[in-house]
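What follows is calculated from the coordinates using simple rules that are stated; it is not laboratory data. As the structure is a prediction and not an experimental result, all values here were calculated from the model. FYI the Cβ positions are ideal-geometry reconstructions off the backbone, even for glycines, and counts take in every protein chain you see.
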Amino acid sequence: MLRLAVASAFSSLLAVVNAHGGAMHYIIDREVYTGNWDIQNNTEGSIQRQWNWGGVSKLEDPYLACGNNGVPHANSYYAPIVAGNIVTANYSLDTKSEEAERPWTFGHPYGAMLAYMAACPKEGCESVDLNAPIWFKVWEAGLISGTWANGYWAMKDVYEGAELNISTPASLRPGKYILRHEMLNLQTGPAQWFPQCIQLEVSGSGDSLPSTEDLVAFPGAYDNDLEKSFTIKGGSPWFYVTHGKDTQFGKDD
């Protein structure tokens with residue numbers, strides 16, 4: 001659960017950023033995979049499900065699972081990865097942003113980042129019910145230092161052009177999975193989520209899956225305290241608890 005508040009000073013510190021964004025390409029076991037946004041035709045295919053730049057603003061929105069509209073690419077496929085290896089998501093474009101002379105990146109530096117996975121049947125992930133309780137948390141990053149309003153959030157590195165590195169659980173059972181990675185924007189008023197999903201085929205010697213008690217659904221995984229990012233719910237302004245279940249599968253691998 002989230003014990004979260006971002007002081008109202010946020011709104012005076014920063015202007016609303018119109019551009020949001022998402023991952024443009026991935027690096028997985030030394031292979032580069034183009035994200036769905038840059039695919040110009042249906043023959044190339046993508047591991048990434050379809051998304052748009054606007055994000056999700058309501059916790060009951062079914063697109064909270066994999067973004068809008070979250071369906072697989074017409075020629076979807078799976079990126080092979082050895083369990084325990086890293087999925088690198090790159091949010092940058094070669095074009096310059098209007099606000100600064102730097103490559104365009106994700107538009108917000110304040111907020112948490114999380115990653116979930118879902119195991120799919122042998123036939124694949126394309127027809128999986130994304131809103132079912134199938135998701136388990138595998139990674140998270142939030143407030144590194146300072147306060148909610150003017151501290152250093154892990155998301156700032158991505159905002160400044162860094163790649164996002166997500167470790168997969170080394171003990172994970174081989175099979176087909178969806179990896180859901182999410183940016184939670186706390187900068188511009190009510191919380192906004194920017195989830196995206198890619199398809200992986202995991203190999204390795206692991207044989208573990210999370211218990212059903214550790215699985216969550218989207219929507220349903222988060223509580224309504226997330227609707228307002230500026231309301232102080234108590235606690236220290238230096239303290240932030242990442243939203244969702246405390247359990248993180250594979251954390252001790």
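Among the GluC sites (Glu not before Pro) in the stretch 130-182, those located in a DSSP loop and surrounded by at most 15 other Cβ atoms within 10 Å of their own Cβ are GLU160. Within the stretch 114-212, the trypsin sites (Lys or Arg not before Pro) that combine a DSSP coil assignment with at most 12 other C-beta atoms in a 10 angstrom radius are LYS122.
Here the spin labels are modelled as points 7 Å beyond Cα on the Cα-Cβ line, and at GLU44 and VAL32 they lie 1.2 nm apart. Applying a threshold of 26 Å to the alpha-carbon distances of LYS156/LYS176; LYS176/LYS245; LYS122/LYS156 flags LYS156/LYS176; LYS122/LYS156 as lying beyond it. Taking each residue as 0.36 nm, the span from ASN150 to ASP214 lengthens on full extension beyond its C-alpha to C-alpha distance by 19.7 nm. Measuring between their Cα centroids, the stretch 182-220 and the stretch 122-165 lie 7 Å from each other.
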